[in-house]
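The values are calculated or read from the model by the stated rules, or taken from the named source; none is laboratory data. The structure presented is a predicted model; accordingly, all values stated were derived computationally and were not measured. We place every Cβ from the backbone using ideal geometry, glycine too, and count neighbours over all the protein chains shown. Protein only, heavy atoms only, side chains kept; ligands, DNA and RNA dropped before computing areas. Shrake-Rupley method; radii C 1.70, N 1.55, O 1.52, S 1.80 Å.
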Amino acid sequence: MRSVIPLFTGSNIMTKNKILLRWTLIVVAIMIPLLYAWYIHYQRNHFSCEAHTRIVDDNYVLDVMLSYQFNGGSGSYETTGEYIPTGKPPVSMSNKIAFDYWRDAKGVIMVANETNELPKKYEAFRSTIPDFYHLRSRGLRVKITPANPSSYIFSYGGAPVFYCSKG
């Protein structure tokens, strides 16, 4: 008959398992808040949204679809729609802007790198829209506030400008 020499006793294995379980729980407890913080930070700087805006003036109606994309410091803006002067046929319009952005205590600062606004001729509505949308190297500070899990409110000068749904 052979004699068996146990390498580990049952209590040694249980002790090692308890220590491993404790350290695993500690690591998980540390990692969960860090991962959540990273996720929130990522969501603040990587999102897109769309809005349908209709501006009505005495002399014209501007009916456009806006699309913003924010990707960790660089972004893009696209718009398509119609400029409808009173008593005249509608004029198709579009604009594409590449921009850099960053956050400060007062909101998001966007600076246009390039813009491709069509039509090229001056229209009355352009005098009421910030230079950021028309000219390269012009900036705009807006406050982007989550309205709910699927949308944002863009505010300019303390007043809400439009509601933007996540795209």
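Whenever a residue of the range 125-137 is under 13 Å from residue 110 (Cβ atoms), its partners that are open to solvent by 80 Å² or more (accessible area, probe 1.4 Å), lying with C-beta atoms within less than 8 angstrom and at least six residues away or across chains, give the pairs 130/138; 130/156; 131/138; 132/138; 136/114.
I'm checking my understanding of the structure. Among residues of the range 103-126 that are assigned to a strand (DSSP E or B) and not aliphatic (A, V, I, L, M), which one is surrounded by the most Cβ atoms within 10 Å (Cβ to Cβ)?
Ranking the qualifying residues of the range 103-126, first place goes to 115.
I'd like to know if the range 92-99 contains one or more residues that are crowded, with 16+ Cβ neighbours inside 10 Å, free of Cβ contacts under 8 Å to residues at least 60 places away in the same chain and over 19 Å from residue 156 (Cβ atoms). Among the residues of the range 92-99, at least one is crowded, with 16+ Cβ neighbours inside 10 Å, free of Cβ contacts under 8 Å to residues at least 60 places away in the same chain and over 19 Å from residue 156 (Cβ atoms), which makes the answer yes. Criterion first (touching an Asp or Glu at 6+ places or on another chain (Cβ under 7 Å) and open to solvent by less than 50 Å² (accessible area, probe 1.4 Å)) does residue 45 satisfy it? In short, no. Of the residues making up the range 65-88, none is over 22 Å from residue 45 (Cβ atoms), aliphatic (A, V, I, L, M) and surrounded by fewer than 12 Cβ atoms within 10 Å (Cβ to Cβ). Applying a threshold of 7 Å to beta carbon distances and a minimum spacing of six or more residues, or different chains, the list of pairs starting in the range 37-63 at a residue that is over 28 Å from residue 74 (Cβ atoms) and ending at one that is acidic (Asp, Glu) reads 54/63; 63/82. The residues of the range 7-53 that are at pLDDT below 85 and within 26 Å of residue 68 (Cα to Cα), listed by number, are 40, 41, 43, 44. Screening the candidates 61, 56 for the property of being open to solvent by 90 Å² or more (accessible area, probe 1.4 Å) and either under 30 Å from residue 154 (Cβ atoms) or at pLDDT below 90 (or both) yields one hit, 56.
Can you find, within the range 127-153, the residue that is most open to solvent (accessible area, probe 1.4 Å) among those that are closer than 28 Å to residue 84 by Cα and among the hydrophobic types (A, V, I, L, M, F, W, C)? Filtering first and then ranking leaves 135. Applying the condition of being at pLDDT 90 or above and of a type outside the set (Phe, Trp, Tyr) to the range 147-158 and asking which residue is farthest from residue 46 (Cα to Cα) yields 155. Please verify whether the range 25-33 includes one or more residues that are surrounded by 10 or more Cβ atoms within 10 Å (Cβ to Cβ), more than 26 Å from residue 123 (Cα to Cα) and not β-branched (Val, Ile, Thr). Yes: the range 25-33 contains one or more residues that are surrounded by 10 or more Cβ atoms within 10 Å (Cβ to Cβ), more than 26 Å from residue 123 (Cα to Cα) and not β-branched (Val, Ile, Thr). Of the residues that sit in the range 21-79 and are β-branched (Val, Ile, Thr) and assigned to a helix (DSSP H, G or I), which one is nearest to residue 160 (Cα to Cα)? Out of the qualifying residues, it is 40.
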